[in-house]
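Just so it is clear, none of the values below were taken in a lab; they were calculated from the coordinates. Fair warning: this is a prediction, and the values are worked out from it, not measured in the lab. All Cβ positions, even for glycine, are placed from backbone atoms using ideal geometry, and neighbour counts span all protein chains on display.
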Amino acid sequence: MAQSSTGRREERPASPPAKSGGTLSPLVVERIAHADIPDVCALYKHVWDAFEPPLPAALLKSWQPTPLEFTTWMEGVTYFAARRDGRVVGSVGCAISDGSCRIVHLAVAPEGRRQGVGASLVSAATEWARHSSCNSLWVDALERFKAAHAMFRQLGFAEVGVLHRHRWNEDVRLFEKLL
Ligand SMILES: CC(C)(COP(=O)(O)OP(=O)(O)OC[C@H]1O[C@@H](n2cnc3c(N)ncnc32)[C@H](O)[C@@H]1OP(=O)(O)O)[C@@H](O)C(=O)NCCC(=O)NCCS
């Protein structure tokens, strides 16, 4: 089903389609509603606890919100979750400002990677940016997030710079895509 003008809680097939490999159930990407918050918080906890090498404590604290903290994250940011078999396997936020969409808090469960989930979430963010009359999307990714760098390049984002010792004293790579 196509997204409504509010983009609210409407199921639609993920785009691009999830890779099937013959065994995977369909991936559904939909806008997050309040009822989804506990599952999404559990996803972020799982993703960042499992990250190797382990992340600094300050970063973990910042990226593993409680449901109440996530409610605050949702102010002014539109989140989408990807589900397979009803289980949240990925999430992303779109923060729109001055005609540009910043992709935030993109994460896919470790056991669900390389199955097109990240690409489907970025596709949902791109659709949302277009729907919101944005001219571009951008994202910053810590230097250590090599998979994210590879994915954004693969999805047609250009690497446009590096901010040194920017967040948690780590270098951050900037990627953008013009719409
Ligand atoms: C980055 C991340 C979101 C990618 O999610 P994903 O669901 O595995 O990505 P996809 O399966 O959609 O990958 C799409 C393409 O991106 C590229 N890609 C993704 N992960 C890659 C990796 N580890 N190495 C090389 N290329 C990769 C590939 O070209 C891939 O296509 P392919 O599988 O056909 O080769 C996921 O690895 C993740 O959650 N990482 C930890 C959190 C993080 O880094 N978040 C980003 C913050 S900016």
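Across region 169-178, coupling constants 3J(HN,Hα) worked out from phi with the 6.51/-1.76/1.60 Karplus curve, θ = phi - 60°, read 6, 10, 5, 10, 9, 9, 10, 9, 9, 8 Hz, and Gly and Pro carry x.
Across GLN115, GLN64, GLN154, mean-square fluctuation computed from a Gaussian network of the chain (C-alpha pairs under 10 Å connected) peaks at GLN154. Give me the percent of DSSP beta bridges within the chain that run antiparallel, rounded to the nearest 5. Given both bridge residues lie in the chain, the antiparallel proportion sits at roughly 90 percent.
Using alpha carbons only, the radius of gyration of the chain set against its Kirkwood radius gives Rg/Rh = 0.93.
Straight-line cross-link reach from LYS146 at under 12 Å between alpha-carbon atoms covers these aspartates and glutamates, not counting any fewer than eight positions away in the same chain: GLU52. Here the Gaussian network model covers the chain, with springs between Cα atoms less than 10 Å apart; of ARG87, ARG167, ARG114, ARG167 fluctuates the most. Positive-end ranking of TYR44, LEU24, SER62 along the dipole of region 23-64, with charges on Cβ about the Cα centre, is headed by SER62. Look at the alpha carbon pairs under 8 Å that are at least 6 residues apart: their mean separation over the length of the chain gives a relative contact order of 18 percent.
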